[in-house]
Amino acid sequence: MSLDLVDTLGIGPRELVAFTGGGGKTTLMLALSGQLAALGHGVLVTTTTKVGLEQTNGAVVCWSADPFDIESALDRPGPVFVLSGEDGHKAVGYEPELVDELFGDTSARYVLVEADGSRGRPLKAPDDHEPVVPATATCVVVVMGIDAIGRTIFEAAHRPAAASRLTGLAEREIITPEVAAVILTHPAGGLKGLPDAARVVVALTKVDEASRPAAARVSRLVEAGAGVDRVAIIPRRDRAG
């Protein structure tokens with residue numbers, strides 16, 4: 001990914017960044033972790049849900065939350081995955097309280113955590129138990145694939161019934177920029193369960209020339225509302241999706 005994500009996402013000098021929302025979270029998180037590590041920073045990557053085991057290929061993995069083990073892993077170059085075990089083809093992370101401890105008690109300057117699931121769907125409306133964001137998160141990146149626009153709620157949304165409730169639309173209705181903006185900025189949608197002190201960044205992924213007008217429209221609508229500090233446009237060529 002060639003895009004400077006540190007600048008695009010507005011990442012500060014020390015952060016616990018949680019990724020929520022639709023498909024593209026893992027790709028975006030790993031790209032950011034690589035860029036931060038390339039700058040010489042200690043970076044931990046984990047999840048409060050699950051990530052695909054294939055995502056850890058070639059990465060330093062610490063299968064322990066013990067501070068000594070983590071500090072030893074941080075001595076090696078690159079980001080460090082901190083995971084608790086395996087479940088089939090998925091790697092399992094930790095409870096949000098332990099992620100808070102990773103941020104507070106280790107030498108890592110950055111902790112990045114995937115805090116939501118979407119089964120690859122580009123748009124996410126959370127269930128009652130979602131997302132699972134650590135309390136000390138300083139930044140939450142709410143992800144939406146721009147390819148949700150023009151598809152029906154049933155086709156593009158993870159938990160379409162929840163998306164339907166948030167918008168008042170039937171699941172067969174088309175997702176427009178206006179519909180997407182409602183879900184992204186709804187207190188029970190994209191802004192659900194976020195720490196009061198966390199900055200909120202909406203990341204629109206997989207944007208190409210054809211979808212740029214739709215992305216610009218979503219961006220304007222989101223920025224016009226309350227609760228979102230920044231909108232980041234992630235081009236398709238950078239493969240965040």
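The values are calculated or read from the model by the stated rules, or taken from the named source; none is laboratory data. Please read these numbers as outputs of a predicted model, since none were measured by experiment. In this analysis, Cβ positions are derived from the backbone assuming ideal geometry, glycine residues included, and neighbour counts consider all displayed protein chains. Heavy atoms of the whole protein, side chains included, go into the accessibility calculation; ligands, DNA and RNA do not. Shrake-Rupley method; radii C 1.70, N 1.55, O 1.52, S 1.80 Å.
Numbers at a glance
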{"read-out": "Cα gyration tensor shape of region 168-221, rounded if a/c is under 1.5, else prolate or oblate by comparing a/b with b/c", "value": "oblate"}
{"read-out": "Lys, Arg +1 and Asp, Glu -1 on Cβ, resulting dipole of region 96-241 about Cα centre, debye, nearest 20", "value": "640 debye"}
{"read-out": "Order by protection proxy (mean Cβ within 10 Å, highest first), peptides 25-38, 217-230, 59-72", "value": "25-38, 217-230, 59-72"}
{"read-out": "Accessible surface of the chain [probe 1.4 Å, protein heavy atoms]: carbon and sulfur percent", "value": "50 percent"}
{"read-out": "Probe 1.4 Å, protein heavy atoms only - accessible area per residue of the chain in square angstrom", "value": "43 Å²"}
